[in-house]
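In what follows, a single structure is set out as C-alpha cells and then discussed.
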Amino acid sequence: MPQTQPGSLRDVDPEQLLDFLLRFATMQTSVGVQTSRIVVNTTRIAHAYGYELTIMMFQRNITMTLMPASGNASPACPNTSCVHPTTGMMRHRHRPLNFFLNAELSRLSWYTYDNHPSLNELEERFQTIIDTKPVNRWLILFLISLANMAFCLLFGGDLGSAGFVFLGTLCGFFVRQELNARHAYPYLVVCVSAFVASFVVGLGAKFGLETYPEIALGTSVLYLIPGVPFINGMMDLLDGFMLNGVSRLMTAVMIVISITVGLSCTLMMLDLSLL
C-alpha cells in the first residue's frame, strides 16, 4: 500500500502526543507484539502529526524522543535546530496475550496515518480498543482443556489418558488464572500450574488408569509452553533488536525451567518416570 507524505505540524501538544505514544507502545508490548512492529506502528502515528520518533526499548522500560520532521517546522522557528526534543520514558505493562488487541492497535495506527484525527479522537479510539471486554474466562478454561486433551489423542494417547489430561489442564489453568488475578510472581505461577496439571494426570498413571502415562504427562503442560516469547525473541534477533530478542528468549527459557520444576515435583512425589 503506498504511503502518503507525513502530515504537517498542527495544534498538537508534543508532550500530550508523546504520552499517548508511550502508552500505545507499551500496550502493544503487553499483548505480544514483536519489537519491529511496535516501532513501525508507533512511528507511523508520529509521522501522521508531522513528527519524527526515536525509540529505545528495553526489557522493562521504553524511551522515546519526539522531534518535528524536516520541513515541518513552525513559522516562528523555520528550522528544527531551535526546537527542543521531547523525551519520555514509561514502564512496560503486563497483560495477557491478546491477538485481537494486537490487530486493532495496528489498525488504529493506519487509521491515524490516513485520516489525521485530533488527539482527543485518537485517545477515544484507543480507549475503546483497550476497554474491549475479554473472552469469558470459563470459556477459555474449557477450550484450552479441550485442546490439551486433543493433543494427547493426537500424540497417540488413549481415551483414559485424554480424560485425565482434560481434568489436569482444567485444574492447572484454573490455578493459573487465580494466581494471575492475585499478581503472583510469574515464574511461580507457571511452576505451580505445571505441578497441579501434571499431578492430576500423574494420579491416573499411579493407579494404572492410563495406558500411555508418558504421553499424558507430557501433554498436560503443553498449555504453558511459551510459544509467543520464543517466536518474538527470534524475530527480534533477526530484525536487529538484539537486547530485546535476548531478553525475550531468556524469559521463554525461564518459563520452560519453571515448567520443568513443576513437572519434576510431580514425578518425584508420585515416584513416576517419563522414560
Order by protection proxy (mean Cβ within 10 Å, highest first), peptides 198-208, 254-264 | 198-208, 254-264
Return the single residue from 182, 95, 107 with maximal mean-square fluctuation; model: Gaussian network over the chain, springs between Cα atoms under 10 Å.
-> 182
Let me have the 222 nm mean residue ellipticity of the chain computed from DSSP H runs of 4+ only, each contributing -39500 (n - 2.57), with the sum over all residues rounded to the nearest 500.
-> -21000 deg cm²/dmol
In percent, what relative contact order does the chain have, based on Cα pairs under 8 Å that are 6 or more apart in sequence?
-> 17
Could you check which residue among 124, 104, 52 shows the biggest mean-square fluctuation in a GNM of the chain with a 10 Å Cα cutoff?
-> 124
110, 138, reordered so the largest accessible area comes first (probe 1.4 Å) = 138, 110
Using per-residue counts of other Cβ atoms within 10 Å, averaged over each peptide, order 265-273, 13-21 from highest down.
-> 13-21, 265-273
Answer in debye to the nearest 20: the dipole magnitude of the range 162-275 about its Cα centre, from +1 Lys/Arg and -1 Asp/Glu charges placed on Cβ, is 200
Rounded to whole Å², per residue accessible area for the range 88-195 with a 1.4 Å probe reads 58
Sort out for me the Cα centre separation of the range 155-208 from the range 218-275, rounded to whole Å.
-> 16
To the nearest 10 degrees, how steep is helix 99-115 against the longest Cα principal axis of the chain, on a 0 to 90 scale?
-> 10
Tilt, helix 14-30 to longest principal axis of the chain (alpha-carbon atoms), in degrees rounded to tens, equals 20
Checked the range 147-197 against the a/c 1.5 cut and the a/b vs b/c comparison, axes a ≥ b ≥ c from its Cα gyration tensor; verdict prolate
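The values are calculated or read from the model by the stated rules, or taken from the named source; none is laboratory data. These figures come from a predicted structure and were not determined experimentally. Neighbour counts are summed over all protein chains in view; Cβ atoms, including those assigned to glycine, are modelled from backbone coordinates with ideal geometry. These area figures cover heavy atoms from the full protein model, side chains too; ligands, DNA and RNA do not enter into them. Shrake-Rupley method; radii C 1.70, N 1.55, O 1.52, S 1.80 Å.
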